[in-house]
Amino acid sequence: MTSTPRPATGPLVVSKTNPRYFTPASGPDAGRAVYLTGSHIWNNFHDGMGPGPSGPAEPERLDFAAYLRFLTERGHNFIRLWRWEQFRSQAAGGNYHLDMSPQPWARTGADGSGPGSGPAKDGKPRFDLEHFDDAYFGRLRERVVAAGEAGFYVGVMLFDGWALHLSPPPDHIEGHPFHAANNVNGVAAASINDLQVLPLDPRIAAYQEAYVRKVVDTLHDLPNVLWEVANESSGDGSVSKEIADFLGMDEPPVWGDSTDWQYWVIDVVKRHESEHGYATHPIGMTMQFPVADQTKVNEPLLRSRAEWVSPGYDDEIFAQGGHPMAPGSAPSRWFADPPVADGTRVVLSDTDHYAPGHGDALWAWKSFLRGHHPLLMDYGLIAGLEPTGKAPADTGVPPFEFYEAARWAMGDTRRFAERVELVDMVPRQDIASTGYALVNPGSEYLVLEPHGDGRVLAIDVLPGSYRVEWFDVTARESVTAAPLVVEAAGVAEMESPFPSHPAVVHLRRIGAGR
């Protein structure tokens, strides 16, 4: 029931035919739409994540090969490869430590004499920002290569803003290599404003640019790479007193706007690829938080030079405050009823930015049929790649089993994406009574009936004879029905053979397509 990922044959470019999707720039699949979907979690690159506020002397390590097998079994083909900038920090309300290693810079042997002497906050040698750690970039290439060989595209995250201002203090900055106590170079960042809000100290900007160039140099020849600037950097807004209290802050701090800095990073990547004659890889910009006006959270993304975006919640109901993650809150439209992708950008729709902690099969199908690429922020993997049997109260996050329906549904959407002529199909709300359809009128229709209550599904179909296949979203079973013969353009009424479950129907004109 799942698809085996195929190795990338050429770097991705935005499809000229259907700019909601990428297509390989060269090779046998050039021109075919590439649909991306996959689960991700914070430690899929770094070591050092586990329960409790601080970690052991030997950092915990994710079995990356097992992670690839886990995703392959569920039909996924995309990894959001996390960058975590702190070598000491916490997340999940402080229930988990993220003491992440390796980091891009080498540790020195400074042990007590001269400027910058003494240990870093974790008791180990300080960082020398003039020298890179070969182990970091070696691992980066190894993991992207291994993912590519297994058929995965990889979104390589360059920076992470979230942990710089929204993880528990004081480690959000005191656990960063650019904090004064952690490097031998005299760099003294005191907040996210010193690292991701222009103008930067020239030395910090130089160190960041050198790091970005090194990442591009390390991966430029690999066809399965996408870049991501940063995860949830600040957007010139403030959090509520409630959130500040949750983070252990006396008062909501003042954070600046990372927008121009993110645009600068995009320019650094594009310029470096151009100057060296490298193949270009799509770069993405993702939701900022907090912002001054939540309903306009996605505007900086759409003004950028990024080829893809991961939007955040922009619902009117949150215009005066509140958020969809609060207990009892209504969900964001991006989760419950996603907007139609208009082709302005490729949209990698990530629950991390509008529904962290949530994910189900209908979310995956709704996102797919609205022209998006669904990505799951998979908290169920925090405790590992196998069921734990623990309730949320035991871990602070939903258990492994909570996300299985979403994981399998993501793979199912990808299987259908590769069966249909996706590059010719567009999302339409007006074609079907449910509002969820990808269509190439007169040739192919893929429609969701999300209610699972036996109601009639009405589809506006052009004349022709169509093969009919129904798919049970819950049981993941397919049934072939009698062909649909449409004599004149109009509404065809259909009943699902799975009246108790949500279902998808696929209509393909007989004699057309694959």
Subject >> the stretch 165-194, residues that are in a helix (DSSP H, G or I) and either within 17 Å of G48 (Cβ to Cβ) or of a type in the set (S, T, Y) (or both) >> reply: D171, H172, E174, N182
Original post:
List pairs: first in the stretch 466-479 and at positive phi, second aliphatic (A, V, I, L, M), Cβ under 7 Å, 6+ apart or cross-chain?
Top reply: R476/M1
Subject >> Subset of the stretch 188-218 [more than 21 Å from T259 (Cβ to Cβ) and in contact with a helix residue (DSSP H, G or I) (Cβ under 6 Å, 6 or more places away or on another chain)] >> reply: A188, R213, V216, T218
Subject >> Hey, R508 open to solvent by less than 60 Å² (accessible area, probe 1.4 Å), assigned to a helix (DSSP H, G or I) and at pLDDT 95 or above or not >> reply: no
**OP:** Check H272, H276 and return the single one that is open to solvent by less than 10 Å² (accessible area, probe 1.4 Å) and either touching a residue at least 40 places away in the same chain (Cβ under 8 Å) or in contact with a Leu (Cβ under 8 Å, 6 or more places away or on another chain) (or both).
**Re:** H272
Original post:
Which one of D194, D217, D236 is within 26 Å of the chain's Cα centre (by Cα), open to solvent by 20 Å² or more (accessible area, probe 1.4 Å) and under 30 Å from G10 (Cβ atoms)?
Top reply: D217
Original post:
Can you pull out the residues in the stretch 233-286 that are assigned to a loop (DSSP other than H, G, I, E, B) and β-branched (V, I, T)?
Top reply: V239, V254, T280
Subject >> the stretch 124-152, residues that are touching a residue at least 40 places away in the same chain (Cβ under 8 Å) and over 21 Å from the mean Cα position of the chain (by Cα) >> reply: R126, F127, D128, L129, E130, F132, F137
Original post:
Looking at the stretch 165-185, which of the residues that are modelled with pLDDT under 95 and open to solvent by 40 Å² or more (accessible area, probe 1.4 Å) is nearest to D128 (Cα to Cα)?
Top reply: P170
Original post:
Among the residues of the stretch 398-419 satisfying the criterion of being of a type in the set (A, V, I, L, M, F, W, C) and either in contact (Cβ under 8 Å) with a residue 60 or more places away in the chain or under 23 Å from R6 (Cα atoms) (or both), which is surrounded by the fewest Cβ atoms within 10 Å (Cβ to Cβ)?
Top reply: A405
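Here is a list: G396, G442. Which entry is more than 21 Å from E477 (Cβ to Cβ), of a type outside the set (A, V, I, L, M) and touching a Phe, Trp or Tyr at 6+ places or on another chain (Cβ under 9 Å)? Outline the logic, then answer.
On the way: G442 fails: touching a Phe, Trp or Tyr at 6+ places or on another chain (Cβ under 9 Å).
Answer to the selection: G396.
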Subject >> Hits in the stretch 239-258 - residues which are open to solvent by 10 Å² or more (accessible area, probe 1.4 Å) and in contact with a strand residue (DSSP E or B) (Cβ under 8 Å, 6 or more places away or on another chain) >> reply: W255, G256, D257
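Within the stretch 335-352, work out how many residues are of a type outside the set (A, V, I, L, M) and out of contact with any helix residue (DSSP H, G or I) (no Cβ under 8 Å at 6 or more places or on another chain). Break it down stepwise before answering.
If we filter the stretch 335-352 for residues that are of a type outside the set (A, V, I, L, M), which is where we start, we get 335, 337-339, 342-345, 349-352.
Narrowing further to those that are out of contact with any helix residue (DSSP H, G or I) (no Cβ under 8 Å at 6 or more places or on another chain): 342-343, 350, 352.
Counting residues in the stretch 335-352 that are of a type outside the set (A, V, I, L, M) and out of contact with any helix residue (DSSP H, G or I) (no Cβ under 8 Å at 6 or more places or on another chain) gives 4.
The values are calculated or read from the model by the stated rules, or taken from the named source; none is laboratory data. Since this is a predicted model, take the numbers as computed values, not measurements. In this analysis, Cβ positions are derived from the backbone assuming ideal geometry, glycine residues included, and neighbour counts consider all displayed protein chains. Just so you know, the surface numbers come from the protein's heavy atoms only, side chains and all, with ligands and any DNA or RNA stripped out. Shrake-Rupley method; radii C 1.70, N 1.55, O 1.52, S 1.80 Å.
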